[in-house]
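Scroll down for the structure; my scribbles are underneath it.
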Amino acid sequence: MSRIGRRPIALPAKVEIQIDGQHIAVKGPKGQLSRSLPPLITVRQDAQMLTVSRLNDSRPARQLHGLCRTLVANMVDGVSKGFERRLELVGVGYRASTQGSKLVLNVGYSHPVEIPFPPGIQMAVEGNNIVVVSGMDKELVGNTAARIRAVRPPEPYKGKGIRYLGEQVRRKAGKSGKAKK
């Protein structure tokens, strides 16, 4: 049995869940999320606990068990608390700002890079070099943060670029000069 899949999911007080066959809808203070699960996985609600189980012990069912439990748990956490990713811009003259529903990045290109906010995602800029991506869908928050990071990933020689806050960038030694005799 999957160690992750068999753990029950505790429902916070303000979260409501509706299970309609394989379709699950979770509603909370931050909003509403829904997802359809594969037919090999079932979800059961007992008072304030959710249990994710599989129909049989086939290989595909075992593979999906822990994944589906984590997806449902992330939906519950998202509508109650939300998720956020922080990105840091490192480099001389690198800065970010928001204009309406767009994030504008000045990261060393000849033009500013504009990234529109996806629906359900909020972006904020702290100072000039910290971008906060937040929302209730963990997958969408992570994908949006990865798209922003891909504009100028950190390079290994000077460490300039966009990185996750706290990310360690492995530095390389540059060219060594001509050896003296």
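The values are calculated or read from the model by the stated rules, or taken from the named source; none is laboratory data. Model, not experiment: these values are computed from the prediction. Reconstructed Cβ throughout: ideal geometry from the backbone, glycine too, with neighbour counts over all protein chains shown. Heavy atoms of the whole protein, side chains included, go into the accessibility calculation; ligands, DNA and RNA do not. Shrake-Rupley method; radii C 1.70, N 1.55, O 1.52, S 1.80 Å.
Helix 138-149 axis versus longest C-alpha principal axis of the chain: approximately 10°, rounded to the nearest ten.
Note on R171 and R6: the model spin-label points, each 7 Å out from Cα along the C-beta direction, lie 4.8 nm apart.
Computed over the range 63-165, relative contact order equals 32 percent, with contacts defined as Cα pairs under 8 Å that lie 6+ residues apart. Take the Cα of Q122, go 7 Å toward its beta carbon, and the backbone nitrogen atoms of the range 78-96 under 20 Å from that spot belong to 78-88, 96. When each of the peptides 167-176, 81-90, 37-46, 66-75 is scored by how many other beta carbons lie within 10 Å of its residues on average, the order from highest to lowest is 66-75, 81-90, 37-46, 167-176. Element breakdown for the range 81-161 at a 1.4 angstrom probe: carbon and sulfur atoms account for 51% of the accessible area.
For the range 1-63, the fraction of C-alpha pairs more than 19 angstrom apart is 34%.
The number of Lys pairs in the chain with C-alpha atoms less than 15 Å apart, excluding pairs fewer than 8 positions apart on the same chain, is 10. Taking all protein chains as they are arranged and a probe of 1.4 Å, the heavy atoms of Y157 leave approximately 120 Å² accessible to solvent. The mean accessible area for residues of the chain, using a 1.4 Å probe and ignoring ligands and nucleic acids, is 62 Å² per residue. Residues L105, L165, L33, L55 ordered from highest to lowest accessible area at a 1.4 Å probe: L55, L165, L33, L105. For the range 126-181, the C-alpha radius of gyration divided by 2.2 N^0.38 Å, with N the number of residues, is 1.62. What the pair-distance distribution of the chain shows, using all Cα-Cα distances binned every 10 Å from zero, is 9, 28, 23, 20, 14, 4, 2, 1 percent.
Rolling a 1.4 Å probe over the protein heavy atoms of the range 1-72, with every protein chain left in place, gives an accessible area that is 51 percent carbon and sulfur.
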